[in-house]
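Q: Pasting in a structure now, in structure tokens, and then I'll have a few things to ask.
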Amino acid sequence: MEYGTDVAETVFKVADDVDASAIAFTPREGSRWLKLLSGDTANALISESERPVVVLPDHVADGDAGAIDADATDSAAEDGGGGG
């Protein structure tokens with residue numbers, strides 16, 4: 001676990017340390033005032049990264065959860081459960 005005062009810079013440091021092939025994250029909901037006062041971490045992660053960035057949805061609609069779980073199970077079964 002790594003700690004830092006600048007979230008984006010800390011994520012970039014850890015990505016470098018582990019030689020990550022990409023960065024994936026789910027942005028938090030926040031008001032425009034909060035983003036203005038504290039800076040937008042999601043924007044920094046997207047615009048300042050040297051690696052590909054995947055932005056995941058912050059929630060799944062109730063009707064879609066089963067479809068996603070089934071897809072993940074099928075994918076894991078196809079690759080022998082090793083994730084790649």
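The values are calculated or read from the model by the stated rules, or taken from the named source; none is laboratory data. These numbers come from a predicted model, not from an experiment. Here the Cβ is made from the backbone with ideal geometry for all residues, glycine too, and neighbour counts use every protein chain on show.
Q: Among all residue pairs at least 6 apart or on different chains, which show Cβ distances below 9 Å where the first residue, located in the stretch 1-19, is in contact (Cβ under 8 Å) with a residue 40 or more places away in the chain and the second is part of a loop (DSSP other than H, G, I, E, B)?
A: Filtered contacts from the stretch 1-19: 8/39; 8/49.
Q: If I ask for residues that are aromatic (Phe, Trp, Tyr) and at pLDDT below 90, which ones from the stretch 4-54 would you list?
A: Those that are aromatic (Phe, Trp, Tyr) and at pLDDT below 90: 25, 33.
Q: If a residue has to be in contact with a Lys or Arg (Cβ under 7 Å, 6 or more places away or on another chain) and surrounded by 13 or more Cβ atoms within 10 Å (Cβ to Cβ) to count, how many in the stretch 1-32 make the cut?
A: Summing the residues that are in contact with a Lys or Arg (Cβ under 7 Å, 6 or more places away or on another chain) and surrounded by 13 or more Cβ atoms within 10 Å (Cβ to Cβ) in the stretch 1-32 gives 3.
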